[in-house]
1. Could you grab me the full set of residues in region 360-390 that are within 30 Å of Glu430 (Cβ to Cβ) and free of Cβ contacts under 8 Å to residues at least 60 places away in the same chain?
2. What about Gly402, is it assigned by TED's automatic domain parsing to the domain that holds Gln255 and surrounded by fewer than 19 Cβ atoms within 10 Å (Cβ to Cβ)?
3. Return the only residue of Leu63, Leu47 being among the aliphatic types (A, V, I, L, M), within 18 Å of Gly142 (Cβ to Cβ) and not in a helix (DSSP H, G or I).
4. Scan region 154-166 and report the pairs whose first residue is at pLDDT 95 or above and whose second residue is part of a helix (DSSP H, G or I) and basic (Lys, Arg), with Cβ atoms within less than 8 Å and a gap of 6+ or a chain change.
5. What are the residues in region 94-109 that are surrounded by 14 or more Cβ atoms within 10 Å (Cβ to Cβ) and farther than 10 Å from Gly142 by Cα, if any?
6. Just wondering, is there one or more residues in region 136-155 that are in a helix (DSSP H, G or I), out of contact with any helix residue (DSSP H, G or I) (no Cβ under 6 Å at 6 or more places or on another chain) and of a type outside the set (S, T, N, Q)?
7. How do the pairs read when you match residues in region 199-210 that are touching a residue at least 60 places away in the same chain (Cβ under 8 Å) with residues anywhere that are surrounded by fewer than 17 Cβ atoms within 10 Å (Cβ to Cβ) and part of a helix (DSSP H, G or I), using Cβ under 7 Å and keeping only pairs 6 or more apart or on different chains?
8. Please go through (1) buried (at least 16 other Cβ atoms within 10 Å of the Cβ); (2) farther than 18 Å from Phe32 by Cβ; (3) at pLDDT 95 or above for Arg305 and return the number of the only condition it doesn't satisfy.
Amino acid sequence: MFKKLLVLGIVLSILISSIGIATSAEKVTIKFSTWGSPEEVNINKELIAEFEKRNPDIHVELLYIPGGEYWQKIQTMVAGGTPPDVMFSGTMWSYDLFSRGAVIDLQPYFEKDSKFKNIKDYYIFKKPQLASLYKDGKAMFGLPGRTNVNLLYYNKTSFDEAGVAYPTDKWKWDDFLKAAQKLTKWDGNRMVQAGTTVSNWHAWLNLWIFQNGGFMFNKFAHPTKCTLNSPASVSALQFIQDLVYKYHVAPTPAQSQALPGGFMTGKIAMEVGGAWSVEQYRQIKEFKWDVAPPPGQKIKANHVRVGAYSILSQSKYKNEAWKFLSFLFSPEGHEIAYSKVAIWNPDLVSVGNNRNSYYYKLPGLPEHYYYRVTEMEIPNLFPGEVLHPNASKILDTELPTGLDSMFLGKESASETVKKLVPKIDTLLKEK
C-alpha cells in the first residue's frame, strides 16, 4: 500500500512539476497596433522577430489597421475593452486617449530605463520646446519616434532647362516665388508644369505661418485662443493664396486634376512637404532632383511631426509592453528600421550626425539629403501639433473646411479667418 502511495506521489509530483514548467514557459502575448505602407509593415515584422528572438517569453502580435480606419478602430477597441497593449499613433490621438485615462504615464518607465540615460543622443529630447509632442506637464503619454521635418523638393532638370539657380539654405519667399514663375509652363491657357503647389493640410500651413513669425495658437500645450487672425498669420495665408490666384505658379483645385502624379511625374517643379516623401521620390529615374531647407521669411523655422508609442491602461502586460518599446528605441532596433527605408528622420544624433552611417547608405538618396537632419538642429524648431482634447477635430476638420473659401479664391485670407477663428476658439474652450 505504501509503495502504491509512493508511486502515486511521485507521479503526482512529476505531473505538478510538468505543469509548473509548462506554466513558467508559457509566452506572454502583447498586441501592437500600427498603420503604414507595406515597407513599414515589413520593418515592424522584422523588429518583432528580432525582439522575440531576444525575449523568447514574449510574443508580439502585430495588428495592422489601414490609416484611414485607424483612429476610429482604436476608439472602438478601447470602448469595447479590447485595446492593443502598445499603440503607435499620432500625437493628437495619443493625448486624446491619455486625457481620458486610456493611456498610461510612461515617465516612470522612461526614468528607470538605462537606454535613455543619455537623452542628448535623441534629437527629440534635446529641444525643450518640443515637449508638448509627448508630455503633458511631467507625464509622458507617448514615447516619441519616427520624426519628420519639412523639405523643399526641386526638379533639377527643370531648373537646368529654365536656367534657374538651385535653391539654397538662404532662400526666402521672394526667391522661391521668382523661381516658381520661371518654372511654370503653359500650353495656351493650360498649365502643363506648375512652379509649385499648395495644400490646406494644417501641418503644411503651419510651416509657412512659422516662417513668417506667426502661430496658429497662443501656445502649443493647452491653447486657449486661435491666432490665425494675427497679422503674421494672415500675411502667410495670403501669400499661399496669391501663389495660386495672383501669381499663377501653383494650380487651382481644377488645374491640379490635369497634373497627375505631381512632383513624382515632373508636373510640379518645386514642392514643400514632409521629408517622408524621400522614400517615394528616391525611385525617380526620369529626371534629376534634390532637396533644400524650406524657404524662410521673417525667421528660419521648421516644425516636427512625431509618432507616439503608447501603452494602453487596460493592458495586463505593461512591463512586457515597455520592454518592447525600449527595444524599438535601442541602437539595434533603430538600425533595423532606419537602414531599410527613408521614411523618417533618425532618432539618434550619433547616427544622423555621422554621414558614413547606415542612414545615408540607401540607394537613390538626393545629394543634399543631410538637410533633413540639420533642420532638426535649427533654433526655431516647433511642434507640428498642439496639445488639446479637440486638436484632431480642429486641425483635421474645422480648419480645412473653414479655409475652403480661401483656397477656392472666393475670399481673401483676412475675410476667411475672420469667420473661422471664432469657431476654433469655441472648440478650444471645450474640455
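The values are calculated or read from the model by the stated rules, or taken from the named source; none is laboratory data. Not measured: the values here are computed from a predicted model. All Cβ positions, even for glycine, are placed from backbone atoms using ideal geometry, and neighbour counts span all protein chains on display.
1. First, the residues of region 360-390 that are within 30 Å of Glu430 (Cβ to Cβ): 381-390.
Scanning region 360-390 gives a single hit, Asn390.
2. On the way: assigned by TED's automatic domain parsing to the domain that holds Gln255: yes; surrounded by fewer than 19 Cβ atoms within 10 Å (Cβ to Cβ): no.
It is false that Gly402 is assigned by TED's automatic domain parsing to the domain that holds Gln255 and surrounded by fewer than 19 Cβ atoms within 10 Å (Cβ to Cβ).
3. Details: Leu47 fails: not in a helix (DSSP H, G or I).
Criteria check complete, one pass: Leu63.
4. Ala162/Lys182; Gly163/Lys182; Val164/Lys182; Tyr166/Lys156
5. Selection gives Asp96, Leu97, Ser99, Ala102, Tyr109.
6. Initial filter on region 136-155 (in a helix (DSSP H, G or I)): none.
Within region 136-155 (the criterion being in a helix (DSSP H, G or I), out of contact with any helix residue (DSSP H, G or I) (no Cβ under 6 Å at 6 or more places or on another chain) and of a type outside the set (S, T, N, Q)), the answer is no, since none of the residues qualifies.
7. Asn200/Pro400
8. (3)
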